[in-house]
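Here is the structure we will look at, set down as C-alpha cells.
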C-alpha cells in the first residue's frame, strides 16, 4: 500500500488546514476554513476522492476546525481532540452559524452530529487506530493544542499543527520531538524572528500606562481565543491597578480556559487575573468602559465584526489602538495600520488616533522552527501553513542538507 499525505489546504498558504494521512487507515488531520481570502469569500478544503475513516483535530482555531462539521453531511466517523479543543470548537461553530446564516455550507444537524462523534484525546496518551499508533504532545500554542505523532511500519510521522517554542503566560513551550522520520511542520514565521518577549512586554506596558495616565483608553482588538487570555495575564503581571474590560467572545473562551486548569501553565495566577477584570455583558457596561481611562480587550482581533468598532467610535482623543496579532490584508485591522481608516457599512472612516503594533504571536518564530527541525532530524520535511514555504524548503535543502518539500493545494506527498 502506498503511504502519503494529501494536502487539501494550508499548502503554500495560511488557512484551511486539512491533511489526509494514508497509513493503514485514512486519517484526516484538521479540517479548517480560510475566513479572510482575497476573493472576499471563505475558502474550504478542496475535495478529495478519498473518504477519511477517522479525524484528529490539533486545536480549536477556525483555520483548523472550521470545516469539520462538513465531514458529517454524509459520514459518521469519529474525531479526536483534547477536551478544551472540543469545547472551543463548539463555541466557534455556533458563532460561525450565527454570522454566516444560510451561507454556511453545513446544517445545524451536521454540527450536532459532529459533537456526538467526538472522542477525548489526552497529552501523552497512546491510541491504536488500526495498525497505527497515535500519540499527542502539548503544542504550546493555545489551551488544548496538540502535536500528533503517528507510528506505523516502524516509522514515525509527526504533524506539529501550530506550535510555540517558548513559554507564554498561558502555555508551556512545546518540547521538541526527537527521532522523527517524516516531519510535517507549520512554517508561518519560518522567515521571521519574533522580538524578545520580555522587552516587548515592557515596551507595551510603558505605552499602555502612559496612555491611561494621560486620560486615554487603550483599545486592544484581540483574538478571542488565546490572545485575550494572554493579554489579561500580561497586563496583570505588570500592573494590578489599571481598569481592564473584556468584551466579545473572549469571555466564553476564558470560561473554557478556567474549566480545564491542567491545560494552563499557572492556573492560580490566571484565576486571580480574571477575577480582577470586568467582563462586559451589556450596552451599559460598554458605555461605562469608555467613560474612564482604561484598557478594553475586545473581539475581533482584525476588527471585522465584534464589539470593537463600537468602542472605536467612542474613544476620546487621548486614546490609542494597539494590535498584538496579525491582520490579514483587506481587513479593517490591516487598513487601519497601513492606511489609517476602517470601513463601516461600506463607508471608509478615517481614524485620527495613534495605532501601534506589538508582536505577541502564539506561533513559533524562525529560530524555534529551525531548532525543532534539527532536534527531530527527520529524513523528510513537509512544510505547510506558510506563505513562503517554497523559499524555506530551498533554504533547508541548500543550507542545511535536509530533504524538504513545500506542497501546494491538492498535492499528494509520498512519505515512506
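The eigenvalues of the Cα gyration tensor, multiplied by 5 and square-rooted, give the range 197-357 an equivalent ellipsoid with semi-axes of 24, 17, 16 Å from largest to smallest. Hey, how many Å between the Cα centroid of the range 96-116 and the Cα centroid of the range 13-87? What the calculation gives is 14 Å, centre to centre. The slack in the chain from residue 107 to residue 179, taken as 0.36 nm per residue of separation less the alpha-carbon distance, amounts to 21.6 nm.
The modelled label-to-label distance for the pair residue 100/residue 1, using points 7 Å beyond Cα in the direction of Cβ, is 3.1 nm.
Can you give the percent of C-alpha pairs in the range 137-237 whose distance is more than 18 Å?
60 percent
Annotation: the antiparallel percentage among DSSP beta bridges lying fully within the chain is about 50. Mean sequence separation of contacting Cα pairs (under 8 Å, at least six apart), scaled by the length of the range 197-357, corresponds to a relative contact order of 31 percent. The stretch between residue 46 and residue 377 holds 116.1 nm of extra length on full extension. This uses 0.36 nm per residue minus the Cα-Cα distance. When 352, 411, 167 are sorted by how many other C-beta atoms sit within 10 angstrom of their C-beta, beginning with the fewest, the order is 352, 167, 411. For the chain, the longest principal axis of the alpha carbon atoms and the long axis of helix 227-238 meet at an angle near 60°. With an 8 Å cut-off on Cα pairs and a minimum separation of 6 or more residues, tell me the relative contact order of the chain in percent. Relative CO of the chain lands at 20 percent. Once you reduce the range 277-294 and the range 176-220 to the center of their Cα atoms, the two points are 27 Å from each other. Multiplying the residue separation of residue 206 and residue 116 by 0.36 nm and removing their Cα-Cα distance gives an extension gain of 27.6 nm. Bridge orientation summary for the range 284-416: considering DSSP beta bridges with both residues in this region, about 45 percent are antiparallel.
Extending 7 Å from Cα along the Cβ direction at residue 394 and again at residue 255 yields two label points whose distance is 5.0 nm. For the peptides 138-149, 206-217, 179-190, 271-282, residues were scored by their other Cβ atoms within 10 Å and the scores averaged per peptide; the highest-first order is 138-149, 179-190, 206-217, 271-282.
Computed from Cα atoms, the angle from the helix 197-213 axis to the main principal axis of the chain rounds to 20 degrees. The angle separating the long axis of helix 83-100 from the principal Cα axis of greatest extent in the chain is about 70 degrees. Just for the range 197-357, what percent of DSSP beta bridges are antiparallel, to the closest 5? The answer is about 20 percent antiparallel. The calculated FRET efficiency for the pair residue 193 and residue 38, based on their C-beta separation and a Förster distance of 22 Å, comes to about 0.25.
Debye calculation, C-alpha points only, no solvent: report log10 I(q)/I(0) for the range 50-144 at q = 0.15, 0.23, 0.26 Å⁻¹, in the same order as the q values. The computed values of log10 I(q)/I(0) come out as -0.59, -1.24, -1.45.
Every read-out reported here was derived from the displayed coordinates using simple, explicitly stated rules and does not represent laboratory data. Note that the structure is a prediction, hence the values are computed from the model and not measured. When we count neighbours, we look across all protein chains shown, and the Cβ atoms used for this are built from the backbone with ideal geometry, even at glycine.
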